[in-house]
Structure formats: structure tokens, C-alpha cells
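K.L.:
Pasting in a structure now, in C-alpha cells, and then I'll have a few things to ask.
Computed from the coordinates by the stated procedures, all read-outs in this text should not be read as laboratory data. Given the structure is predicted, the values throughout are model-derived calculations rather than measurements. Glycine also receives a Cβ, built like all others from the backbone with ideal geometry; neighbour counts cover every protein chain displayed.
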Amino acid sequence: MFSYSKTLMVLLLVFPLFLYAQIPEKKKTDSIPSVEHDTVQKVLEVEVDTTLSESEKKVRKEAFTPDILHLINGDRLTGKILSFQQGRLSFDAQGPGVVSIKWYKIFSIDGGSKIYKVENIYGEIFIGKIAKSDMMGEIIVLTGPDEIIESSVTAESSATAELKKSVPKGTTIKFEEILRIFPLEEKWYEGFKGDIGAGVSYTKSSEVLRISAESNLFYVISRWRFVNNFSYMATSTESSDYSVRIQENLQEFYSLYRKWVLYQANAFNRNDELGIDAKLSFGFGIGNNLIITERQRLLLFTGFLQNFEDNINSDKFVANSEWPVTLQHTVYSFISPNLSSTLKAGSYVGLTEKDRYRFDLSADLTWEIFNDFKIQFSFYYNYDNKNIVGKNTKEDSGTELSFLLELK
């Protein structure tokens, strides 16, 4: 079902970064020797709030004040927090520009007047302002406008009481326990994040022309995360008919406690190579983040999927049900150049069609050559054991080179 050449392609895209993710942090070469040479590290399809509710907007009535980053070496940077994820802070500093700094180089952060969403490794979510902590390696999240921090001074005096009133109070979180930090946007349309891309290739020896386009967008409100992925690929050759492969997926995720998530999925697919003119899919289920670290993430999903399929043999949609199991593993590399790799495998067992089985596999390697611009090389493989008259193959595979522009 899966040839050695396709297996080799997947291993080349994923395995090197997978090995890198297993190396302890202290044994790796630090690719960020100084703030001036830091480069921003961005990871897609993350679970963050990107918009403010009406009640949260009321908290931000005062004039805007910038964020202040306090480093362990005593330096201070003034600017804007872009994100904190995979153990790195992306900070748009006045002067140096966008920098990326490892968490253990940061003393604390003063978040200014903006509202942030902070998520820890235990699945807890805090929304509020960020205040500087006097303890190294910690921040304080102010989840209410009137919160104050109790002073550590224990002497009973009027001066102490006055100090307690003037020091903010909130939830103290260590950097090593933070999974993500993202600013919340006041305008709803600024909440869309993701990237768009396109690619084209031509092979003269085989007279093959291939055009592709894709978009990956997400939008999150509170514990809900909405993800939209679109992919279009058209192939033209001298010896065969023009073929099209289209995938459109809209998924909704709801974060539960302890890394569990509920999901609902809607999809449209067309694959001329497999004889599928159109397929509508609706599904739901549950998933778990099996592994979440600053260098890798492993997710497992399962549930129920209902399909309505129209192939080249029929003139109407035929319904069928499937049991899906999907595994997604993403690895992040902080060596230069900045790389990330994602492997996604999905198994679909037919429930209403006897002995029907499908398998989807995709792998990609993304290189951020400079801020907001990336090059991505991807590989896909689709298998369906259903026999369709007029089609001599049960599998489809291909490669794609795309140029991606990140949306902020």
C-alpha cells in the first residue's frame, strides 16, 4: 500500500527534527546568543484567544502603555509582546525590532495596559493584565481590574498596610509552567491569524504542470478554537486528463481540563485521481494532547464521521459512516535556520460499507527564511480500497513546494 520511496520521503521530512526534540535543552547549542540576533519563532494552529469580549474591553479604558521585558542580565526592553509559546517569547522591541528569547533568560514581564491570555501546562487559562514579579522567572496575571498583590512584609505598621494597598495582586505563574501567552485584540477582524500561500512547478521531461494554493486560518474565543484549512492542487500533463485535488476543512475545538478537547469537523473533498467528484463530511469526537513541550506536540483524536459521497460511477450522493483515528505530531527546531515539521496520519474504518478502509498521510517541513515569510515542502498520500469503475488506482500521492505569508 505504501512504497519504500514514499516512506523515505516522510522520514526525511520528519525524523531529523523528531530526534532533535528528544535532546535535553542543556545539551543543545543556543541559537540566540544575544537579543540583537534573536529571530521570532512562530507556531501555527495554536489554541489562543485573539479577541476581547465586551467586558474585557472595559478594563482597557486607560491610555495605552507599552510592555517592559526584564532580563536576568539586568537589561530592559520596551515594546510589545507578540506571543509566548514553545518556551520562547516573541517581543517587538523598540530599537532591535522583533526578537525571540528563551524563557530562562527572562527575569519577569510588565505587560503594560494590554489584556493577555495565559495558559499553563495543566490546562488552566487566565485572562487579564500581566504584572512584574519580584521573584525571578515568574509573572503575575491580574484577572480582575481591582486585584492587588499582598506584600511579603509581615511587620504590622501603617507603612506596611499602605504598601499592601499599592502593590498589585493576582495569580503568580512560573515561566517553566507557561504553555502560551497571547495578547487579546479589541477589533474582531484582528483576531484572524494564520498564513496563506501558493506554489507552481513544471517538469519539462514529463510535461507536468502543477499549480497549488492554500490557506491556514484560526480564530479563537475563550475555550473555543475555530480552524479553517484550504488546499487546492491542479495537475496537467500531456499524457493524461487534467486533474484537481481540493480539500476544505472547518474544525471547532473546545478545550477541556487536563489537555482534553472536544471537536466537531466539517469538510469538502474532491480528488480526480481517486474518482471522487465531491464528498461532504461531518464528524465529532474527543482528543487528547498526549505530549506538549516547548519542542514538540502530539495529539490524538477519535470519534464518528458521516460522509456523503459522489463518485464518477454515480449521479447522486451516497451516505456512509466511518470510525476515524487521527494522530498529529509537530516538532519545532530553534537551531538556525528556524524549522518546524508536522506529521499527520488518519485511519478511517468503514462502519456502513463492509471492508471499506481509507488512510491519509501528510508531512511537511517549513523554513522561516525571514519574519512572516516561509517556504514549505510537503508530501501527501491518500489510500482508499473502494473499487471505482474507470479508475485503475486506489492511491494518490504528491509533493508540493509553497511560499507562505503569515497573517498578523
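K.L.:
I need the phi-derived Karplus couplings for segment 178-185: 6.51 cos²θ - 1.76 cosθ + 1.60, θ = phi - 60°, integer Hz, Gly and Pro marked x.
P.N.:
8, 8, 8, 9, 9, x, 8, 9
K.L.:
If you plug each phi of segment 124-132 into the Karplus form 6.51 cos²θ - 1.76 cosθ + 1.60 with θ = phi - 60°, what whole-Hz ³J(HN,Hα) values come out, in order, with x for Gly and Pro?
P.N.:
Values, residue by residue: 7, 10, 10, 10, x, 7, 10, 10, 6 Hz.
K.L.:
Rounded to the nearest 0.05, what FRET efficiency is calculated for residue 209 and residue 143 with R0 set to 60 Å and r the Cβ-Cβ distance?
P.N.:
0.60
K.L.:
How much length, in nm to one decimal, is gained on full extension between residue 264 and residue 188, taken as 0.36 nm per residue of separation minus their Cα-Cα distance?
P.N.:
25.1 nm
K.L.:
For segment 378-408 and segment 305-362, write down the distance between their C-alpha centroids in whole Å.
P.N.:
Centre-to-centre (Cα) distance: 11 Å.
K.L.:
Using only the alpha carbon atoms of segment 262-347, find the Kirkwood hydrodynamic radius as the inverse mean reciprocal pair distance, in angstroms to one decimal.
P.N.:
Taking the inverse mean of 1/r over all distinct Cα pairs, segment 262-347 comes out at 15.1 Å.
K.L.:
Let me ask you something else. Give me the Kirkwood hydrodynamic radius of segment 348-388, using the inverse of the mean 1/r over all pairs of distinct Cα atoms, in Å to one decimal. Don't skip to the answer; put the middle values down first.
P.N.:
Numbers: mean 1/r = 0.0773 Å⁻¹.
In segment 348-388 this quantity evaluates to 12.9 Å.
K.L.:
Mind giving me the nanometre distance, one decimal, between the label points for residue 399 and residue 76, set 7 Å out from Cα along Cα→Cβ?
P.N.:
Simple spin-label model gives 5.2 nm for this pair.
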